[in-house]
Amino acid sequence: MKHKEIFWLIGTVLFVLILNFLLFGIDGFKSEPNIDINIHDTYFVIANFHFILLLSMLIFFVVYLLRMLRRNFKNLTANLIFMVTGLLNIWFLTGIISIINSYIEVTEITEYNLPFTNNMFNNVATILYLIQLIIVVLIVYSGFKTGQNYKQTE
C-alpha cells in the first residue's frame, strides 16, 4: 500500500469518526444506547452501533467509488476497498430490507375485513433492491476492470 493510500484511508476513518461523533455523541459508541423506531403498534429497537456501521460503510463506499473512478480503475488498493465496502453495504441493505419486509407482513384489517398493506414500504423495499443491484453491477465491473489492469501490468 502506497503512502498516499494510507493517508486517504486514515483521513476517511477520521472523517467517519468525527461525523459519527457529531451525529450520535459519545453515547453512540457505547453498546447500551438504542434507537426506538415506532411504526404503528410495532417497536423496532436497534443499537446505535448498527447505524454507525451503516453510515461508515456508506461513506467508505462513496469515497472509494470516487477514488476508483478518478484513477480509472488503476489503483488496486482503492478498488479492493471499494469492493469490500460494496459487499458490506449489500449485507446491511439486506438487513434493512428484511426489517421492511417484516413490517409489510403485518397487515391491518379494514372495516370490510380486507387486508391492507402500506404501499410506501413496498416501494422502499423495491428501491433498496434496485440499489443492491446497482452495487452488484459496480462491483462486478470494477472487478473486471481491476483484472484487466492487473493483467496489463504483469
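The values are calculated or read from the model by the stated rules, or taken from the named source; none is laboratory data. Because the structure is predicted, anything quoted here is derived from the model rather than measured.
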For the range 19-63, the count of residues that are modelled with pLDDT of 85 or more and more than 26 Å from Ile135 (Cα to Cα) equals 2
Would the range 108-131 turn up any residue that is closer than 28 Å to Ile10 by Cα, assigned to a helix (DSSP H, G or I) and at pLDDT 90 or above? yes
